[in-house]
Structures are given as C-alpha cells and as structure tokens.
Amino acid sequence: MAAPHDAPSARELVAAVREFLERDVLGSLEGRTRFHALVAMNALSIVEREMADGAGQAERHRARLDALGYADDAGLAAAIRAGELDDRDAQVKAALADTVRDKLLVANPPYLEA
C-alpha cells in the first residue's frame, strides 16, 4: 500500500465489495436486479485484475510500442493502415497478440482458454 493511505488498500476494498455482493446479496436477488449485481461483480473482478497487473502490462505495452518505433497506439494503427509495417508482419502480429492477451487477462481470462 502506498503512503499516505492506511489499510485496507483500494485492492482490498474492491475485493471486499465483490465478495459481499457474491456471498450476502446475490442469493436474495432475482431478475434484472440479479443481472445487474452480476454485472457489478464482474466489473469489480476486472478492476481487481487490472490493479494486480495493470502497471506491469502498461510497461510491457510501452516496450512493445518502443520496439516497433511508435509513441502510441494511434501511431501504430496509422502505420499499419498505411502499410508501413508490412515488412515486419511477424513482429507486428506478435506484439498485437501479446497486447490482446494482456487485455483478455484483465477483461475475461476464460477467453484465453477457448
């Protein structure tokens, strides 16, 4: 936990809310309210995963962009559209696959098993 904040950490608070919804609230809900509680729990799970490895993923993404020679995703996308990286196809595909993998690790890890 970063100073000056005390326990519980933001990560612990998010986990506590998600667990409360799962254990104490969800069972008493039906229909639309139950669906929205499930959506909220999923959103909190995404936040937990992003908090756990978001900084590392950002560093790896920055390194991939640097290796390709671009400052940001928009520049890379424009270069791809313009055909500027056609001669580096394998490198671009590998970088994009790694980026998508990192996104799925946060958004929906089971998709990686499919």
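Sorted by mean Cβ packing within 10 Å, highest first, what order do the peptides 70-78, 37-45 take?
Values: 70-78: 12.9, 37-45: 15.2.
Top of the packing list down: 37-45, 70-78.
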Fill in the blank from the handout: Note, Ala79: beta-carbon cut-off 15 Å, +1 each Lys/Arg, -1 each Asp/Glu, net -3
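Under a Cβ-only charge scheme (Lys and Arg +1, Asp and Glu -1), can you give me the dipole magnitude of the chain about the Cα centre, in debye to the nearest 20?
Values: 14 positive and 20 negative charges, 50 e Å.
Value, rounded to 20: 240 debye.
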Completion exercise
For region 5-114, listing GluC sites (Glu not before Pro) in a DSSP loop whose Cβ sees at most 10 other Cβ atoms within 10 Å gives Glu30
Problem - Alpha-carbon centroid distance for the pair region 88-114 / region 22-69, whole angstrom - result: 16
Completion exercise
Rg/Rh over Cα atoms for the chain, Kirkwood Rh, comes to 1.13
Problem - Estimated vicinal HN-Hα couplings, Hz - region 96-112 in sequence order (Karplus 6.51, -1.76, 1.60; Gly, Pro = x) - result: 5, 4, 5, 5, 5, 4, 4, 5, 5, 4, 8, 6, 6, x, x, 4, 6
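At 222 nm, what helix-only mean residue ellipticity would the chain give, in deg cm²/dmol to the nearest 500, using -39500 (n - 2.57) for each DSSP H run of four or more? Write down the numbers at each step before the final one.
Values: 4 runs with 77 residues, N = 114.
That calculation yields -23000 deg cm²/dmol at 222 nm.
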Problem - ³J(HN,Hα), Karplus 6.51/-1.76/1.60, whole Hz, each residue of region 76-91, x for Gly, Pro - result: 5, 4, 4, 5, 5, 4, 7, x, 5, 10, 4, 7, 10, 3, 5, 5
Completion exercise
HN-Hα couplings for region 14-31 via Karplus (6.51, -1.76, 1.60; θ = phi - 60°), in whole Hz with x for Gly/Pro, come out as 4, 4, 5, 5, 4, 5, 4, 4, 5, 7, 10, 10, 4, x, 9, 9, 9, x
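No value in this document is a laboratory result; all are computed from the given coordinates. None of the values given here were measured: they were computed from a predicted structure. As a convention, Cβ positions derive from the backbone with ideal geometry for all residues, glycine included, and neighbour counts pool all protein chains shown.
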